[in-house]
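Down below is the structure, laid out as structure tokens.
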Amino acid sequence: MRLHFIQHVPFEHPGHLLKWADKNAHSFSTTHIYNGDILPSLNDFDMLIIMGGPMGAYEENKYTWLKTEKQFIEAAIDAGKKVLGICLGSQVIANVLGTNVYPHTQKEIGWWPVKKIIVNKNHLLINQLPDEFITFHWHGDTFDLPAGAIHLFKSDACEHQGFLYSNHVAGLQFHPEVEDNLLHNMTEHDRAELVKASYVQTEEEVNKLLPSYIEQQHQYIISFMDEFVKL
């Protein structure tokens with residue numbers, strides 16, 4: 001497959017998704033949209049993957065490229081492309097699909113569990129994953145579930161952690177693509193957010209827990225991506 005990534009900031013790159021691409025001999029290209037890069041033709045890719053970032057999906061007045069990005073994502077969805085969003089990417093997709101994105105009542109940062117939605121736990125996309133698993137989070141916003149979407153995951157802090165729409169569009173609020181260097185980059189740029197709270201771990205806690213969960217998380221994202229391609 002030909003993958004195309006939209007990257008919103010230099011320090012939130014595709015992480016382990018590139019290793020999955022390499023393992024499956026998928027080619028990839030990237031639009032660094034914050035640099036004013038031109039988005040590709042819809043004919044130039046098979047799957048669009050929208051990465052994370054510290055901005056809000058609703059901040060079009062501050063980030064003027066957001067409107068163009070949303071129009072592009074909508075066109076990709078309408079063209080039947082596979083479309084996946086991670087964190088901010090999932091929020092932007094949710095917004096494109098007609099639902100609200102807004103600041104959550106609390107931030108969720110660190111290694112926290114997500115749980116499958118029981119009624120959908122055997123869906124082909126996620127039936128190979130555990131009913132509950134630890135993954136990495138870094139978000140302060142949330143979204144309402146788009147109309148017609150299948151609710152996949154939730155956490156204690158945030159009800160909408162993942163969804164599937166029309167079998168070719170998916171959103172994950174958490175960060176299963178995180179690798180050591182990606183986490184380091186995120187911490188370097190947003191360290192001020194790592195203030196201990198109900199669902200926010202300190203930098204020390206985040207780094208201490210990383211070896212316990214990082215490899216397992218990589219297995220999960222590879223499995224998820226393999227099944228997403230098959231749908």
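The values are calculated or read from the model by the stated rules, or taken from the named source; none is laboratory data. Here the structure is a predicted model, which means the values were calculated and not measured. When we count neighbours, we look across all protein chains shown, and the Cβ atoms used for this are built from the backbone with ideal geometry, even at glycine.
Quick check: is even one residue across region 54-64 aliphatic (A, V, I, L, M), surrounded by fewer than 22 Cβ atoms within 10 Å (Cβ to Cβ), outside any loop (DSSP other than H, G, I, E, B) and out of contact with any helix residue (DSSP H, G or I) (no Cβ under 6 Å at 6 or more places or on another chain)? Checking region 54-64: not a single residue is aliphatic (A, V, I, L, M), surrounded by fewer than 22 Cβ atoms within 10 Å (Cβ to Cβ), outside any loop (DSSP other than H, G, I, E, B) and out of contact with any helix residue (DSSP H, G or I) (no Cβ under 6 Å at 6 or more places or on another chain).
Can you find a residue that is more than 30 Å from residue 150 (Cα to Cα) and surrounded by fewer than 16 Cβ atoms within 10 Å (Cβ to Cβ) anywhere in region 172-181?
yes
On the given criteria, is residue 219 of a type outside the set (Lys, Arg) and out of contact with any His (no Cβ under 7 Å at 6 or more places or on another chain)?
yes
For region 36-53, the criterion of a residue being buried (at least 17 other Cβ atoms within 10 Å of the Cβ), β-branched (Val, Ile, Thr) and under 14 Å from the mean Cα position of the chain (by Cα) is satisfied by at least one position. Pairs are defined by a Cβ separation below 7 Å, a sequence spacing of at least 6 or placement on different chains, a first member in region 8-36 that is within 15 Å of residue 66 (Cβ to Cβ) and modelled with pLDDT of 95 or more, and a second member that is of a type in the set (D, E, K, R) and surrounded by 15 or more Cβ atoms within 10 Å (Cβ to Cβ); the pairs so defined are 33/69. Within this structure, residue 151 fails the test of being in a helix (DSSP H, G or I) and at pLDDT 95 or above.
Of the residues that sit in region 190-227 and are among the acidic types (Asp, Glu) and out of contact with any strand residue (DSSP E or B) (no Cβ under 8 Å at 6 or more places or on another chain), which one is nearest to residue 128 (Cα to Cα)?
Applying the filter and picking the extreme gives 227.
Filtered by the rule that a residue be more than 18 Å from residue 153 (Cα to Cα), surrounded by fewer than 19 Cβ atoms within 10 Å (Cβ to Cβ) and either touching an Asp or Glu at 6+ places or on another chain (Cβ under 9 Å) or without any contact (Cβ under 8 Å) to a residue 24 or more places away in the chain (or both), region 76-99 gives 78, 81. Candidates 178, 206, 229: the one that is among the β-branched types (Val, Ile, Thr) and more than 29 Å from residue 96 (Cα to Cα) is 206.
Please work out which one of (1) more than 30 Å from residue 200 (Cα to Cα); (2) surrounded by 23 or more Cβ atoms within 10 Å (Cβ to Cβ); (3) in contact with an Asp or Glu (Cβ under 9 Å, 6 or more places away or on another chain) is the condition residue 73 fails and give its number. Among (1) more than 30 Å from residue 200 (Cα to Cα); (2) surrounded by 23 or more Cβ atoms within 10 Å (Cβ to Cβ); (3) in contact with an Asp or Glu (Cβ under 9 Å, 6 or more places away or on another chain), the lone unmet condition for residue 73 is (3).
So that you can scan it fast, the table gives a plain yes or no per residue for (1) farther than 20 Å from residue 53 by Cα; (2) in contact with a Cys (Cβ under 9 Å, 6 or more places away or on another chain); (3) at pLDDT below 95:
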| site | (1), (2), (3) |
| --- | --- |
| 104 | no, yes, no |
| 129 | yes, no, no |
| 134 | yes, no, no |
| 138 | no, yes, no |
| 147 | yes, no, no |
| 158 | no, no, no |
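Just give me the residues in region 151-170 being surrounded by fewer than 19 Cβ atoms within 10 Å (Cβ to Cβ) and out of contact with any Lys or Arg (no Cβ under 8 Å at 6 or more places or on another chain), in sequence order. Of everything in region 151-170, those that are surrounded by fewer than 19 Cβ atoms within 10 Å (Cβ to Cβ) and out of contact with any Lys or Arg (no Cβ under 8 Å at 6 or more places or on another chain) turn out to be 151, 156, 159, 166, 167.
Against the conditions (1) under 13 Å from the mean Cα position of the chain (by Cα); (2) within 30 Å of residue 75 (Cα to Cα), residue 135 satisfies every one except (2).
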